[in-house]
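For reference, the structure is listed below as C-alpha cells.
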Amino acid sequence: MNSTASEVLEFVKESDIKFVRLGFCDILGLQKNIAIMADQLRFAFENGISFDAHAINGFRDVTQSDLLLFPDPATLAILPWRPGPGRTAHFFCDIKNPDGSDFLHDGRTLLKCVANRCENLGYFCKIGAECEFYLFKTGGNGEPIDVALDKGGYLDISPLDKGEDIRREICLTLEEMGVKPETSHHEQGPGQNEIDFKFSDALACADNFQTFKSVVKAITARNGLFASFMPKPVLNAPGSGMHVNLSLAQDGRNIFKHASEGHSRIAESFIAGVLVKTPEMTLFLNPLANSYDRFGKFEAPKYVSWSHQNRSQLIRIPAAIGERVRMELRSPDPSLNPYLAFALIISAGLDGIESDMILPPAINTDLFTADESVTKSLTPLPGSLEQAIALAQDSDFVKGVVGEELLVKYLAVKKAEAADFAAVEDKVRFYMERYFNVI
C-alpha cells in the first residue's frame with residue numbers, strides 16, 4: 001500500500017484512475033463520501049476538500065458549517081466493482097477545521113490519539129474483527145424484503161447455504177482492496193453469514209471494518225440481494241455480533257499468554273479494565289434500540305463476566321497459541337462506529353493497566369442456563385437503549401475519552417431515538433422502517 005502523497009499521485013497517474021472517493025463517517029458510523037476528479041487529488045492532499053458539516057449528523061451547526069477532508073495516502077484502495085477505463089480509487093480521510101486544527105468530533109482522529117497513548121505506555125494494540133450479517137432477498141422493484149436468502153444453519157454447505165458464492169466474491173474483493181479475510185462461513189441464522197479478517201493495528205482495523213461493510217453491501221446488491229448489519233433483523237433467530245479480538249504487544253512480543261503458561265498480570269489488568277467499563281460504553285458498542293433484543297440469547301452475552309473458551313461470557317479467552325492468544329469482547333454489534341468503539345475499548349483496558357486492576361475469578365459455567373444463585377452476583381449489561389444512555393451520560397470515563405461536546409451531541413441523537421422507540425406500539429415495524437434499509 002502506498003504511504004506518501006507523492007507516491008500515491010504517481011500511482012494514480014499511471015493507473016488510469018479518473019475518480020477519487022474521499023470517505024469518512026458521521027458520529028454514528030454511517031459512511032459518507034465526496035467524489036473528486038483525480039486531477040484534484042494533489043489539491044486535496046495539500047488543502048483539503050470542503051464540505052457542509054451542518055448536514056452531517058452530530059458535526060456542526062449552520063453558523064460554522066465548513067470542515068475539510070484530508071485523504072490519508074496510506075489508505076489508498078481501488079474499487080474493484082468500478083473497473084476501467086476511468087477507474088475509481090478510495091481514501092479514508094481525516095477531518096480538520098478551516099484553521100488546520102483537528103476536528104474533535106472526528107472518530108478517526110480520536111482513535112489515533114488513543115493509539116498514541118497506548119504506544120506511549122509501551123504497548124501496541126492489535127485488533128481483529130469477526131462480523132456477522134444477514135442476506136435478504138429483494139422485491140420486484142429492487143428494494144429489500146424481510147425474506148432471508150436461505151434456511152441454512154451453522155457451517156452448512158450448499159444447497160442449504162446459498163451464500164457461499166457471494167462470500168467468495170466478497171473475500172476476493174476484500175483481498176484486492178488490501179483487507180485480508182481469514183475465514184468465512186454460514187452462521188446459525190437463516191441467511192446469516194460471517195467473515196473474519198486478519199488482525200491489524202486499531203486504526204487499520206476500523207478502516208477495514210468500514211471497507212468490509214461497503215464491500216458486502218456492494219457485492220450483494222450486484223447479485224440482486226440485500227445485506228443487513230442490523231443487530232437483530234430476525235427476532236426469533238440469532239442476532240448479528242461484531243466480536244472484537246484484542247491483544248497487546250510489548251517490545252514486539254504478545255503479552256497475552258496461553259492459559260497453560262499463566263496469564264500476564266498486565267493482560268489481566270487490561271481485561272479487567274474492559275470488563276469494568278463495558279456497561280458505561282455499551283451505548284457506543286450497541287447503539288440501536290434493536291441492539292438490546294440480541295443480549296442474552298443465541299450466544300450473545302448478558303452479564304459482565306469472563307472465562308476461557310466459554311461463549312456465554314462477555315469476554316472469553318479463545319483457545320489459541322502464540323501471536324493468536326487474545327481476549328474476545330462479545331457484546332458489540334456491527335451497527336457501531338468502529339473508531340469511537342475501539343477508542344473506548346482500548347482506553348478502558350489502558351485504565352485497567354494504569355490502575356493495576358485485579359481480574360475477578362472466571363465464571364466457568366453456561367450463563368444462558370445458569371441458576372439465579374450464579375447470576376445474581378453478576379452485573380448485567382444494559383437491557384435497553386434508555387439504560388445504556390443513562391450509564392453513558394453519568395460516565396466520567398466515556399466523557400474523558402470522547403470529549404464532553406461529542407458526548408452531548410451523541411446523547412442528544414440517541415435520546416431522540418429512544419423517545420421515538422418508546423412512543424411506538426409495533427417495535428418490529430419501527431426496526432424495519434428506522435434501521436433495515438440503513439444499517
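The values are calculated or read from the model by the stated rules, or taken from the named source; none is laboratory data. In this text the structure is predicted, and so the values were computed from the model without any measurement. Cβ: placed from backbone, ideal geometry, glycine included. Neighbour counts: every protein chain shown. Keep in mind that these areas ignore ligands, DNA and RNA; they rest on the heavy atoms of the full protein, side chains included. Shrake-Rupley method; radii C 1.70, N 1.55, O 1.52, S 1.80 Å.
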- Message: Here is a list: GLY122, GLY84. Which entry is in contact (Cβ under 8 Å) with a residue 60 or more places away in the chain, at positive phi and open to solvent by 10 Å² or more (accessible area, probe 1.4 Å)?
- Response: GLY122
- Item | Check on GLU132, in a helix (DSSP H, G or I), open to solvent by 10 Å² or more (accessible area, probe 1.4 Å) and closer than 25 Å to VAL325 by Cα | no
- Counted residues in segment 283-300 being in a loop (DSSP other than H, G, I, E, B) and more than 24 Å from LYS198 (Cα to Cα) come to 7
- Task: Determine, yes or no, whether THR109 is part of a helix (DSSP H, G or I) and β-branched (Val, Ile, Thr).
- Result: yes
- Quick check: is even one residue across segment 419-427 open to solvent by 30 Å² or more (accessible area, probe 1.4 Å), small (Gly, Ala, Ser) and touching a helix residue (DSSP H, G or I) at 6+ places or on another chain (Cβ under 8 Å)? yes
- Could you tell me which of the residues SER247, SER291, SER264, SER347 is of a type in the set (S, T, N, Q) and in contact with an Asp or Glu (Cβ under 7 Å, 6 or more places away or on another chain)? SER291
- Query: Among ALA206, ALA249, which is the only one that is in a helix (DSSP H, G or I), open to solvent by less than 30 Å² (accessible area, probe 1.4 Å) and closer than 25 Å to ALA320 by Cα?
  - Reply: ALA206
- Query: Has segment 397-410 got any residue that is free of Cβ contacts under 8 Å to residues at least 60 places away in the same chain, surrounded by 17 or more Cβ atoms within 10 Å (Cβ to Cβ) and on the phi < 0 side of the Ramachandran plot?
  - Reply: yes
- Message: Cβ contacts < 9 Å: first residue without any contact (Cβ under 8 Å) to a residue 40 or more places away in the chain, restricted to segment 413-439; second residue assigned to a helix (DSSP H, G or I) and of a type in the set (Val, Ile, Thr), any location; separation 6+ or different chain. Result?
- Response: LYS415/ILE389
- Message: If PRO360 meets every condition in (1) open to solvent by 30 Å² or more (accessible area, probe 1.4 Å); (2) without any contact (Cβ under 8 Å) to a residue 40 or more places away in the chain; (3) closer than 22 Å to SER331 by Cβ apart from one, which number is that one?
- Response: (2)
- Note on the structure: Checked segment 302-322 for anything charged (D, E, K, R) and surrounded by 18 or more Cβ atoms within 10 Å (Cβ to Cβ); matches are LYS302, ARG316
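Okay, residues lined up against (1) open to solvent by 30 Å² or more (accessible area, probe 1.4 Å); (2) within 14 Å of LEU225 (Cβ to Cβ); (3) among the aliphatic types (A, V, I, L, M):
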site	(1), (2), (3)
PHE136	no, yes, no
SER158	yes, no, no
ILE166	no, yes, yes
CYS171	no, no, no
- Do you know which of the residues in segment 146-172 that are part of a strand (DSSP E or B) and in contact (Cβ under 8 Å) with a residue 60 or more places away in the chain is farthest from GLU299 (Cα to Cα)? ASP146
- Any idea how many residues of segment 42-83 are among the aliphatic types (A, V, I, L, M) and assigned to a strand (DSSP E or B)? 6
- Note on the structure: Going through segment 420-431 in order, the residues found to be among the hydrophobic types (A, V, I, L, M, F, W, C) and either within 13 Å of LEU288 (Cα to Cα) or in a helix (DSSP H, G or I) (or both) are PHE421, ALA422, ALA423, VAL428, PHE430
- Message: Given the condition among the small types (Gly, Ala, Ser), touching a residue at least 12 places away in the same chain (Cβ under 8 Å) and closer than 23 Å to ILE157 by Cβ, answer yes or no: does some residue in segment 258-272 qualify?
- Response: no
